[in-house]
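Heads up, the thing below is written out as structure tokens.
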Amino acid sequence: LLGLGNKQTSQMVRYYNNIPVIPESSRLFTVIDAFCDVIWEGEASSYVTINKNEDLPFSSISTPEFEERPELDMEMMERRYEFENQIIDAVKHGQAYKSELFITALAPAMFEQRLSDSVRNSKNYMIIMNTLLRKAAESGGVHPFYLDKISSGYAAEIEAIKNVKTLPYFMKKLFEDYCRLVNKHATRNYSTLIKNVIIYIDARLSEELSLKKIAEMNGVSSTYLSTCFKQETGKNFVDYVNGKRVEQAKHMLKTTRLQIQTVAQHCGFLDVQYFAKVFKKYTGKTPREYRDLNSGK
């Protein structure tokens, strides 16, 4: 464990009433202290009773609490793991409607107190959950292209949290957003060709998107790509692209005050009149009507 020879170790250990003790200033104590920090996230002094007498740095090893109440702690651990597994499975299948049920059940035992700093303790757990849900969404068919942005964003939000009371609600939002990502971007049922095309389209909605160009990039004919795309997505290429662009435009109209012409350009429509025509076809409203309706006017 420590990588020390028997002779080195024996020179560092002293005995008191046949009990081995280690001087706090010794190399062996330093290694043990580092080991405790990695395994238990605390110093060796958190797990042993220290006697500041250099000859007797500690006289007994305190027993961790979980050893005193094994049944209770085991039950709590099993419950937490069971709920986590259910949440992971729900995200994998995009079942956002289960968020209230899980948060209600998890709230009392969600954040096991491993550190004295309750906020840091809870943040650590949320970092773990962010990773677990990211992997769950990936197994649900979401490409890493989409996962990286939301995962990185949540990592920053987690570090900014100041109040532990907000964490259950934060967990609910985290859960629902990953579920939405699965429902919106899951590509598990698509061939590699169509997955690549969809990811390319989503990443370049503001650019010119040509079926012929994308087909050439993937080493197939435009006719073959058009046929495969319609078979797998249920939409032809142009309808799919316009639908994605309109969804982005809806979001921008609701969340920004950019001019409609600017919104159109950001969404790949160089002609604002054509943009208005396509937008109304998909939503039943003009861009201005949509913005006014969703801004409370």
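Brief remarks on what is shown
- Within straight-line cross-link reach of LYS162, lysines at Cα separation under 30 Å, skipping those fewer than 8 residues along the same chain: LYS92, LYS98, LYS123, LYS135, LYS149, LYS172, LYS173, LYS254
- Atom-type composition of the exposed protein surface of the stretch 147-297 places 49 percent of the accessible area on carbon and sulfur (1.4 angstrom probe).
- Taking 0.36 nm per residue of sequence separation and removing the Cα-Cα distance, the ARG120/SER191 pair yields an extension gain of 21.3 nm.
- With only the Cα atoms considered, the stretch 137-290 has a convex hull volume of 139 Å³ per residue.
- Each peptide in 160-168, 142-150 gets a packing score, the mean of other Cβ atoms within 10 Å over its residues, and the list from highest to lowest is 142-150, 160-168.
- Computed on the Cα trace of the stretch 128-200, the radius of gyration divided by the Kirkwood hydrodynamic radius gives Rg/Rh = 1.05.
- FRET efficiency estimate (nearest 0.05) - Cβ-Cβ, GLU247 to TYR224, R0 25 angstrom: 0.40
- In the stretch 254-283, the trypsin sites (Lys or Arg not before Pro) that fall in loop regions by DSSP, at most 16 other Cβ within 10 Å: ARG257
- A full extension of the chain between MET77 and ALA160 corresponds to an added length of 27.1 nm, given 0.36 nm per residue minus the alpha carbon distance.
- Solvent-accessible surface of the stretch 171-273, averaged per residue with a 1.4 angstrom probe and all protein chains in place: 55 square angstrom.
The values are calculated or read from the model by the stated rules, or taken from the named source; none is laboratory data. Keep in mind it's a predicted model, so treat the numbers as computed, not measured. Neighbour counts run over all protein chains shown; Cβ positions are idealised from the backbone, glycine included. In case anyone asks, the SASA skips ligands and DNA or RNA and just uses the protein heavy atoms, side chains included. Shrake-Rupley method; radii C 1.70, N 1.55, O 1.52, S 1.80 Å.
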